[in-house]
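What follows is a single structure, written as structure tokens, with notes after it.
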Amino acid sequence: MNSTNLWIVEIDRNRFGGVLPESISNFSINLSKFSIDENGISGRIPSGIVNLVNLEKLSMTNNQLSGNIPNDIGKLQNLKVLILDGNRLSGIIPSSLGNLTLLFELRLYNNQLEGNLPQSLGGCQNLMLLDVAKNNLSGKIPAQVIGLSSLSIFADFSANYFTGVIPKEIGNLKDVGELGISDNMLSGRIPDSLGSCIKLEVLALQGNFFHGSIPSSLGSLRGLQELDLSRNNLSGKIPEFFQSFVLLQTLNLSDNNFEGAVPVEGIFRNASAILLKGNAKLCGGISEFRLPKCNIKNHKKRMSLLLKIVISAVCSLSGLASLFTCALLYWLKNKRKEPALDPYKNLLLNLSYQDLVKATDGFVAANLIGAGSFGRVYKGILAEIGPTVAIKVLNLVDSRASKSFIAECEALKNIRHRNLVKVLTACSGVDYQGNDFKALVYEYMVNGSLEEWLHPIPRTEEGDHGPPKRLNLLQRLNIAIDVASALDYLHHQCQISIIHCDLKPSNVLLDDDMNGHVSDFGLAKILSECTNNYSTSQSSSIGVRGTLGYAPPEYGVGSQVSIYGDVYSYGIMLLEMFTGRRPTDEMFKEDLTLHNFAKAASPDQAAEIVDSFLLEGTIDMDRRMYSTSQRFQDCLFSIIRVGVNCSAEIPQERMKINDVVAELHSIKNKLIGATIR
């Protein structure tokens, strides 16, 4: 097999059987994703797979693979996701995995792997998800691995034969959400450092030999939703701080040696959420626990403790009241100095960096669908939203990108139009290296950008075998109307006029019905209604206004952004749509521009300058539309004239966008009427 242009192999959830051939190494060196999940494939993982050095995702979950993981798998230096769970793999985990410094996700769950967990995994400094549960691993859990601070989604070491104590380095997992170390042979005390894992939501330590009391440091884990400490040798009293854990849904303390009174507040009011069996020395609690009553001495001690707490609380409240008064006075004094509210505060900022990493398989190249000066756009799937989405990740290395994010959120949170790309939510946080991270999540447009349809990449024999991306005359006209309608809404129908500043074919996306949607408001400048004429005195906060070839000439000499600038960009794009020539085409030199090229054409020459595909008549249903009759010549010339009038050099001489919409609709009516006759 020799497929030099192959980028992705994905045959998940079929019924394929047999074995993987060694010839897999002959796949394209450009292959970035190889996924055969949930089939019936057996045999060994071919050793030659390590020759696919540009792999970013290798996934073989839920098959019947056996044998060892290739020792040289560490050669896959670009690997970000490695998923081998649900197979029959045996042998040791190769230490060469530690060479995979870009690795984000490693799943080896439910195999028959044995031996020690390699310390070298501590070299995977970008690892956010680690699952080695349900194997036959033994020895100590290396501090280098369990202390890997990048682990932030979950880490699971459960159902193995690990021994020794939990290393204190576990406290480095300050961002981990789920942690499983259950059903091993671990001993010693639960380390105090575990209380530093403040983002934990699920903690499973059951089925070990831990002894001693529950450390008070666990009182910091206020985000816990599930905690299982059952089947250990823990003793002492049940900490009362669990009563204040408002998110805690299940607490399993069964089969230990706890003693004393069971708390009665918070989660302890719900007997179905608490498991206490196997602790013979417990007493009190709500009646549903059916525990013996505590003796009076314990009651008095409890009342004494309660009295101390009340006195302390009163003193604390008095201090807080004084502090609040001082703070209020300070706030009133400095009220005028307060910065403006975060403009994207009201967007649904409930997605984390980890959520988007999961949605895009670690931002692998296979999911990259676009890139620009302010960032990249990835295709992803978010469980919270459902369908495929487009995720625009801003390049914050560029100092302008933060301004871009703020401007885009401010613009998008108030606008609604059928021809504008819908923003679903946003994300603002930090990545696993501590850098600022900002992204916008958009509705996904299955037909890509207008740029891809106007200038399709030539197909190769082994490439895309689908129909060529071409637009007929009526499709182009409909898209032109869609874009003009969106601009008319932005300029004249919003409470605050919005200027796009970077209109071009790559910022027009097409849905499954080939309707046009304007996207990317990263350069949007918002003007009040009273300043949306060309003489506005407002200055632009954006360093670059538009893209070469589409930006109006006045921007190049320092003029303010305006709605006239958007109309110019639209005119150039309209001419590109119907001539098939970019404004940066090599034919345009010195004084010859796309505008001048189109302006020089007479009504009888319209067919000579338009995209030749429009006249080929290759689509049966529109064959009559591609004739060179006078009626069609007139329609083509009228469209070209609109583009020329929109891209006039003097801003005030350009067409108004609402007039453009009306004119294009009129042309469309004539065109449709001509095809019917």
- Item | Local net charge near Leu218, Cβ-Cβ under 15 Å (Lys/Arg +1, Asp/Glu -1) | +1
- Message: So if I place +1 on the C-beta of Lys and Arg and -1 on the C-beta of Asp and Glu, and nothing else carries charge, what would the dipole magnitude of region 138-294 be about its Cα centre? I want it in debye, nearest 20.
- Response: 380 debye
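Under the 0.36 nm per residue contour assumption, what length would be gained going from the current alpha-carbon distance of Lys656 and Asn270 to full extension?
On the way: separation 386, 0.36 × 386 = 138.96 nm, distance 6.64 nm.
Extra length available between Lys656 and Asn270 comes to 132.3 nm.
If packing is taken as the average number of other Cβ atoms within 10 Å across a peptide's residues, how do 579-590, 174-185 rank, most packed first?
Numbers: 579-590: 14.6, 174-185: 20.5.
Peptide ranking by packing, descending: 174-185, 579-590.
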- Query: What order do you get for 30-37, 285-292, 258-265 when each peptide is scored by the mean count of other beta carbon atoms within 10 Å, highest first?
  - Reply: 30-37, 258-265, 285-292
- Using the beta-carbon distance between Val9 and Leu474 and R0 = 25 Å, what value does 1/(1 + (r/R0)^6) give for FRET efficiency, to the nearest 0.05? 0.10
- Task: Between Ser42 and Asn596, with labels modelled 7 Å along Cα→Cβ, what's the label distance in nm to one decimal, could you check?
- Result: 7.4 nm
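As an exercise, take the mean of 1/r over every pair of distinct alpha carbons in region 138-294, invert it, and state the Kirkwood radius in angstroms.
Computed over Cα pairs of region 138-294, the Kirkwood hydrodynamic radius comes out at 15.7 Å.
Which whole-number percent of Cα pairs in region 480-520 have a distance greater than 14 Å? Working shown, then result.
Values: 378 of 820 pairs.
Beyond 14 Å sits 46 percent of the P(r) for region 480-520.
Determine, for each peptide in 606-615, 248-257, the mean count of other beta carbons within 10 angstrom over its residues, then list the peptides with the highest first. Present the calculation step by step, with values, prior to reporting the outcome.
On the way: 606-615: 17.6, 248-257: 19.4.
The packing order, highest mean first, is 248-257, 606-615.
Sequence gap of 8 or more, or different chains, plus Cα separation below 20 Å: how many lysine pairs satisfy both in region 57-204? Spell out each step's value before the answer.
Working: Lys57/Lys75; Lys57/Lys80; Lys140/Lys168; Lys168/Lys199; Lys174/Lys199.
Lysine pairs meeting both conditions in region 57-204 amount to 5.
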- Note on region 22-110: alpha-carbon gyration tensor, axes a ≥ b ≥ c; rule is a/c under 1.5 for rounded, else prolate if a/b larger than b/c, else oblate; result rounded
- Query: What number comes out for the charge environment of Ile198, summing +1 per Lys or Arg and -1 per Asp or Glu over other residues with Cβ under 15 Å away?
  - Reply: -1
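All of the numbers you see were taken from the coordinates with simple rules; none came from a lab. For clarity, every value in this text was computed on a predicted model and none was experimentally measured. Cβ sites come from the backbone with ideal geometry, for glycine too, and all protein chains shown count toward neighbours.
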